Structure formats: C-alpha cells, structure tokens
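Please read the structure below before turning to the comments.
The values are calculated or read from the model by the stated rules, or taken from the named source; none is laboratory data. Only a predicted model underlies this, so the values are computations on that prediction, with no experimental measurement involved. Methodologically, a virtual Cβ is constructed for each residue, glycine included, from the backbone with ideal geometry; neighbour enumeration extends over all protein chains shown.
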C-alpha cells in the first residue's frame, strides 16, 4: 500500500527481553512481523498496540554498555555501534523491543511506515474490520451475550411482573434521549418517561440515575448517573429529586408492606474540592438539603483523582522503570515503590478501599447507593463494577465477568476508543536522531529521550493544579478564565467540545486500572474466581489490539451506527473458544444459597501486577510493598466476621 514505504527489511537485529536476534522485518497492513532462524516462533505486533516510537542514533546496546568494547554480542563483532540506527517501540501492553538497522535510510523508511500505519483517521481502518476468525471462534456469536431482561431476572427482578418495583423504559430506544446510554434503562415503576425527560436536563450528558445492579439478599440497589448541574446559583430539579427518592424507596421487604429505614448513600467519586469547583462551570454536586429525604440519605466523596493524574503516574512507571525492558536491565525496586511511580498502587488501594466501604454498606447496613463522578463513565464505572464483583459470585465466573463488562462498561458508555487512543497520534512518534549529538546520545537513549508524551498521551504538570478544576470528561480547566455562567448547558457544551477533538491527552488507563483492582482481588481470593490471571492480562492486550470490535467505540450508539455486530467479531468469541487456557484450576464454585458468597479486599495486601509489566515479582515487589497481614480476606470471614453494624457518619459531612 502507498503508505508502506518499505514492506521487508533483511539483516535487522531485534532486542527483546534481553535477547538479540538477526532476522527479517515485515511490515504488513496491520502487523509488524519479525522472523529469525534463531527464534522459536515469529514475533507479531499489532500497530494499534503501539504506545510510543523512538528513532535514535546508534545501536540499542549503547545504553547497556559504558565501554563499547565490553559488548560480547557476536552480532556486533568488529562493528561500530555508532554506525547503527535503532527504533525503540513501547507497547500499550508493556511489550518493549528495539530494532537495529545499519542503513539510516532503511530505518527512516520503517519509521515513516510505522507512523502511517499507526496514525489512522477512521475507526473502520482498524484490523477488526478485515479480521477473519478461525473455526473455533466461528462457533460463537457473543455480541448478544448480555441480555438486560435475562440478567436482571438473574439478579432477582422480574421486570415483566406488574408488581415489580422496577420497570424497563424505552425512552432511549433511538438514543435521542442520551447517546451515551443503553437503549433500555431500568427505572422505578412509579416514574414515567415524561418525568425522565424533564429530569435529564439536570444531569451532565443527560445521564440520569438508572439501575445497574439489584442485590437479591438485601433487596438493595446500585444506580449510576452523571453529576448534577446546580451551577453557581444552586438550581434544583424537583424531577431529579423525585427520581432518586423513588429509587431509594424501591428497597423494601419481600411483602412490600413497608420500606426499610436505612441510610442510603449518594456517592460522588471525585475529590470534594473538584466537585465543589465544578459549580463555576454549571456543574457541582447534590445539595443535601434537597436530597436527604428526611435524613434517610447521606453523601460520601471518594476522593478519586481524574484520568490525567492516573495517566501521568503510569507514564512515570513506564518512563523510568519499563522503557529498558527490551534489554531487560535491572530496575531500582526501592525507587519504584517510594517515588511518584509508587502512587499507582496508592490509587489502586483507594479504589479498593472505596469498594470495601460500599460493599459493606450494602451487606451490613442494607444501604442503596447511587454513584456518579463528572460524566459517569470512568470512576463511576470502576467503582460500580468492583462492588458487584465483591457482592455477586456470578461476576467472578468467566461468563459473568463478560456480562459485567458488557453491562457496566460497554452499554453505559465508557469511552473505550478515546481512553485507549486506538487511532493514535503523531505525538506518539519521536525522531531523536536528528537532534542528538554523539556526546550526548548515550545518556539520551533511555531516560533522556523525548518521553514526555509516553504511551498514554500527554502528561500534565500534576504539581501545579492550583486554580484548576475538573471539567466534564475529566478535563482540567482554569477557573480564573472559565466563563462565570451559571447556565447548566455549559457543562455539556464544554464536554462535547473536548471529547470530539482527536487528541492523545484524553487517553487514560481507566479500564486497565479496573483490571488491576480485579487482579488484587484475584490474588487475595484465588479460589473465588473461575478465570485465571492470564485472562485479565490477555484482556489488557485485546483492549489495544483492535482485533475485535468490542472495545473500538465509545458507546452502544456508536457500535450500532458502525454495524460492529455485523462487520466485526466480539472479543468474547476469542475467550469462549479458549476457555481451557483461561480457567483457574483453584476455583471452587459458590452454592447459590451460601450466605458467605461475598468477598472483601484486603487493603494491606496490594502489590504490583508484575506479570502485566513484563517483570519478575521480586523486581517490582518488596517485603514492604505487600504488608504482612494476620489473615486473608477469606480467613476473616471464617473467623466469624458477619454483618456487623457500621456507623455511616464516617462517610463524610453532608
């Protein structure tokens, strides 16, 4: 094709995991392929998986040997390492490898071809639209694996029963009500579609409170939405208040004779200051004078930072500790865990701590919870999903986990395309060879390279957030220059303007962070999950591979518009056709009538997901990383911990 300047290059040296091999590089339409007689198998790498590319003067090995004469690699015998040109590729799945070329022109042609093949303009150019599945996958059609009516019936709601307190609303049947919501919404049966239409104006992106989970044993619910839009003048919506009041009233005893006197919780996943500062942009948080419902509801802030903070921290991990994975150089374990990079585990722990609090609230205090952040498609989705995994053993099975992703991530509009950066950006490509002097090249091979954009997009200066607030879609806006309008439409206008622009600064490892939390729960409760660790790791890979259509779009509406169901395969076909590879041999199924079918995170046992990052356990985790603990999460339950009474006042001031 015209954008492939060169399709085949012989006599290329690859460096991967400390092993070097001479062979042939092939550039196809959707994969980079390296073949060598000294390798046991071909190496395939999908272009959408590329996080960053660097072209540098000199061999990759320059950064490994201070004295070039120390290099004993026979591939470089009697060769000057400065006469090479290398291309280093850092993958979003943390695969890192380098290619050494003796001809600068060949290296430049490969670099230019990689840029043309990776930076795309249309989602239909991605591999999923030409991928042909194998025979094993063709036995499945997983696009309809999630059926809302069937799933809510499994949870304990018969939505076809006239006595059910919940109903299916088709107000979003054509997606005109809310383009980022599913076409079917579950709302209280006492709420009409007319009231929903009025209430949507008071929620960012029209994302009204809707049911995502019903806990059968306590008859409590998890509903989700976006932030309210009171603005500076503290507007209110009687319809929104009525909707939430009825949601909380749906929790009742089995004979429906009375509603429980419980402490329901309105959960704002953001830091308090960020939520309050949103009022300048027309957003904000609930005024509890209007939402306490006679003292039966309280508000809690989780304090989870936005997408930019998470991206910057993980970029720091890659820039300082993983960028030399191609040479398998040792890393400073202490610096990894004590510096900025160690904050990644802090944020994982914060998510799990929030999960622990909310799961206990539902189990022990029989609380209904309503969760939102700014637009309700990042932090809200993470927390909702993790609580359900803790409460419901079905979501810890292979099939159940797939349905959870379909329900809470895909149908409720997590922005997979935007957060993953599938179409990439030229900012991910860095030609350091044109501005690198020989004297400074050795120090510039790794940390000194242009790594500021890193694999998850642009980095922010997180040390200078004064005067800034969190805008819709997790953006940071300067409040000193923000228009002082109290119109609630400003939030939606700003959000739309920010989200339509193609830019890598909106990428963030939100879904990976969720999977990291699941990994922690899996480690702590190895017999409670049907799938194994490799299942989670492979899911990270296919999040970025673009081989399947599942994660290519930002909403159910977009998937329908691009006919993904007919033109691409579902990623679940891949996993369902290979269940033996992803089944946990230690799994013990939980009987449906078991009262102890829940799990809780052990906050003293959080560690690096070393398998994902391509390192050894001892390289990333020290004895202080995972604190010693008296007993596991499973052992705590066996010791007699069962439904204690919790004081919900600790959840924060009203």
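Before moving on, here are some points about what is shown:
- All of (1) over 14 Å from the mean Cα position of the chain (by Cα); (2) more than 20 Å from residue 609 (Cα to Cα) hold for residue 343 with one exception: (2).
- Residues in region 50-65 include none that are surrounded by fewer than 18 Cβ atoms within 10 Å (Cβ to Cβ), out of contact with any helix residue (DSSP H, G or I) (no Cβ under 6 Å at 6 or more places or on another chain), more than 27 Å from residue 318 (Cα to Cα) and at pLDDT below 95.
- Within region 170-183, not a single residue is out of contact with any strand residue (DSSP E or B) (no Cβ under 6 Å at 6 or more places or on another chain), assigned to a helix (DSSP H, G or I) and either at pLDDT below 95 or surrounded by 18 or more Cβ atoms within 10 Å (Cβ to Cβ) (or both).
- When 99, 27, 39 are checked against the criterion of being crowded, with 19+ Cβ neighbours inside 10 Å and more than 19 Å from residue 434 (Cα to Cα), 27 stands alone in meeting it.
- Residue within region 528-541 that is assigned to a helix (DSSP H, G or I), at pLDDT below 95 and either over 30 Å from residue 176 (Cα atoms) or under 17 Å from the mean Cα position of the chain (by Cα) (or both) present: no
- Exactly one residue out of 395, 412 is within 16 Å of the chain's Cα centre (by Cα) and either without any contact (Cβ under 8 Å) to a residue 12 or more places away in the chain or within 19 Å of residue 150 (Cα to Cα) (or both), and it is 412.
- Candidates 190, 212, filtered to the one that is more than 25 Å from residue 280 (Cβ to Cβ), in the same structural domain as residue 394 (by TED's automatic domain parsing) and not in a strand (DSSP E or B): 190
- Any hit, region 322-333, residues being under 30 Å from residue 189 (Cβ atoms) and free of Cβ contacts under 8 Å to residues at least 60 places away in the same chain: no
- Any chance residue 303 is crowded, with 19+ Cβ neighbours inside 10 Å, on the phi > 0 side of the Ramachandran plot, touching a residue at least 24 places away in the same chain (Cβ under 8 Å) and touching a helix residue (DSSP H, G or I) at 6+ places or on another chain (Cβ under 8 Å): no
- Scan of region 589-603 for residues that are surrounded by fewer than 19 Cβ atoms within 10 Å (Cβ to Cβ) and closer than 11 Å to residue 520 by Cβ, ordered by number: 603
- The set of residues in region 216-229 being over 11 Å from residue 203 (Cβ atoms) and either assigned to a loop (DSSP other than H, G, I, E, B) or not assigned by TED's automatic domain parsing to the domain that holds residue 155 (or both) consists of 216, 217, 218, 219.
- Across region 612-631, the qualifying residues are those that are in a loop (DSSP other than H, G, I, E, B) and crowded, with 16+ Cβ neighbours inside 10 Å, and the one among them that is modelled with the lowest pLDDT is 626.
- Selection status of residue 192, without any contact (Cβ under 8 Å) to a residue 40 or more places away in the chain and over 23 Å from residue 410 (Cα atoms): yes
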